[in-house]
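Undergrad: This is the structure I have questions about; it appears just below.
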Amino acid sequence: MKIYIVRHGNTLFNHLGRVQGWCDSPLTPLGIQQAKELSEYFLSIPLAAGYHSGSERALDTLDLILNDRPVPRKRDKRLKEVYFGDLEGARVKDLFPDGIAIPELFYQYGGEDRHHAALRFTEACKEMEQNEKGDVLVVSHGSVIRQFLEENSMSFFQMSKEIKVTRDLIPNCSVSVIEVQHGKIEVTALPKIL
């Protein structure tokens with residue numbers, strides 16, 4: 001089966017440059033436009049289900065992409081963003097003035113280990129293969145998608161070592177594609193804007 005993994009559209013916190021993990025903020029007009037434009041791409045792709053993390057920004061993006069298509073929408077908390085601890089909502093430029101994000105900083109403030117976040121995301125994808133009879137769309141979040149791809153794609157891992165900021169690697173409403181067969185994951189398309 002194929003799983004199309006989409007990062008949610010641009011949000012208020014993205015626009016303001018604030019750390020956004022388990023906290024949430026609404027889509028901006030740009031984010032709404034991004035999701036509506038992406039819906040055109042998915043019109044010709046048959047989907048068995050659309051999954052989201054449970055956050056408002058992910059569900060709203062999924063709803064805008066699927067529009068009125070009769071595709072079941074399902075919530076899976078394992079698809080949620082990495083938790084950034086006490087630094088949720090902080091200004092990114094205050095934490096990383098040189099623009100290079102250092103994930104380990106969040107661990108000192110109760111943040112979630114990115115590897116553990118990628119493991120829960122992986123478990124969710126493998127379970128989708130067992131539960132669905134066709135391809136699915138997943139709307140999730142930049143940091144968890146990035147870590148998931150790093151752990152499952154050597155080419156993405158190499159690219160991520162050269163580019164340190166999540167938004168440069170996983171743009172809003174970008175699409176990555178994986179194939180899951182017999183519990184094995186293969187990344188077939190790295191994130192791109194369509």
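Undergrad: When you go through 78, 69, 91 one by one, which is the residue that is closer than 30 Å to residue 113 by Cβ, of a type in the set (Lys, Arg) and touching a Phe, Trp or Tyr at 6+ places or on another chain (Cβ under 9 Å)? Working first, answer last.
TA: Working: 69 fails: closer than 30 Å to residue 113 by Cβ; 91 fails: touching a Phe, Trp or Tyr at 6+ places or on another chain (Cβ under 9 Å).
Matching residue, one of 78, 69, 91: 78.
Undergrad: Report whether or not residue 89 is modelled with pLDDT of 95 or more, in a loop (DSSP other than H, G, I, E, B), in contact with a Cys (Cβ under 9 Å, 6 or more places away or on another chain) and surrounded by fewer than 18 Cβ atoms within 10 Å (Cβ to Cβ).
TA: Numbers: modelled with pLDDT of 95 or more: yes; in a loop (DSSP other than H, G, I, E, B): yes; in contact with a Cys (Cβ under 9 Å, 6 or more places away or on another chain): yes; surrounded by fewer than 18 Cβ atoms within 10 Å (Cβ to Cβ): yes.
Spelling it out, residue 89 is indeed modelled with pLDDT of 95 or more, in a loop (DSSP other than H, G, I, E, B), in contact with a Cys (Cβ under 9 Å, 6 or more places away or on another chain) and surrounded by fewer than 18 Cβ atoms within 10 Å (Cβ to Cβ).
Undergrad: Considering only region 25-48, how many residues are outside any helix (DSSP H, G or I), out of contact with any Phe, Trp or Tyr (no Cβ under 7 Å at 6 or more places or on another chain) and crowded, with 18+ Cβ neighbours inside 10 Å?
TA: Number of matching residues: 3.
Undergrad: What number of residues within region 57-86 satisfy the criterion of being in a helix (DSSP H, G or I) and either of a type outside the set (Asp, Glu) or in contact with a strand residue (DSSP E or B) (Cβ under 6 Å, 6 or more places away or on another chain) (or both)?
TA: Counting residues in region 57-86 that are in a helix (DSSP H, G or I) and either of a type outside the set (Asp, Glu) or in contact with a strand residue (DSSP E or B) (Cβ under 6 Å, 6 or more places away or on another chain) (or both) gives 13.
Undergrad: Another question, then. Residue pairs, Cβ under 6 Å, 6 or more apart or interchain, first in region 33-44 and without any contact (Cβ under 8 Å) to a residue 12 or more places away in the chain, second outside any loop (DSSP other than H, G, I, E, B) and surrounded by 15 or more Cβ atoms within 10 Å (Cβ to Cβ). List them.
TA: none
Undergrad: Across region 104-125, what is the total count of residues that are touching a residue at least 12 places away in the same chain (Cβ under 8 Å) and surrounded by 15 or more Cβ atoms within 10 Å (Cβ to Cβ)?
TA: Of the residues in that region, 11 qualify.
Undergrad: Within region 92-103, take every residue that is surrounded by 14 or more Cβ atoms within 10 Å (Cβ to Cβ) and either of a type in the set (Gly, Ala, Ser) or more than 18 Å from the chain's Cα centre (by Cα) (or both) and give me the one that is modelled with the lowest pLDDT.
TA: Ranking the candidates gives 101 first.
Undergrad: Next question. Residues of region 3-23 being of a type outside the set (A, V, I, L, M), more than 14 Å from the chain's Cα centre (by Cα) and crowded, with 16+ Cβ neighbours inside 10 Å, which ones? Let's see the steps before the verdict.
TA: Residues of region 3-23 that are of a type outside the set (A, V, I, L, M), as a first pass: 4, 7-11, 13-15, 17-18, 20-23.
Filter once more, so that each one left must be more than 14 Å from the chain's Cα centre (by Cα): 13, 15, 17-18, 23.
13, 18, listed by residue number.
Undergrad: Out of everything in region 123-182 that is in a helix (DSSP H, G or I), in contact with a strand residue (DSSP E or B) (Cβ under 8 Å, 6 or more places away or on another chain) and over 22 Å from residue 49 (Cα atoms), what residue ends up being modelled with the lowest pLDDT?
TA: Residue satisfying both the conditions and the ranking: 159.
Undergrad: Test of understanding: among 79, 59, 66, which residue is surrounded by 20 or more Cβ atoms within 10 Å (Cβ to Cβ), in contact (Cβ under 8 Å) with a residue 60 or more places away in the chain and farther than 21 Å from residue 169 by Cβ?
TA: 66
Undergrad: Just name the residue that is nearest to residue 92 (Cα to Cα) out of those in region 7-51 that are of a type in the set (A, V, I, L, M) and touching a helix residue (DSSP H, G or I) at 6+ places or on another chain (Cβ under 7 Å).
TA: 19
The values are calculated or read from the model by the stated rules, or taken from the named source; none is laboratory data. All of these numbers come straight from a predicted model, not from anything done at the bench. Note that each Cβ is placed from the backbone with ideal geometry, even for glycine, and that neighbours are counted across all protein chains shown.
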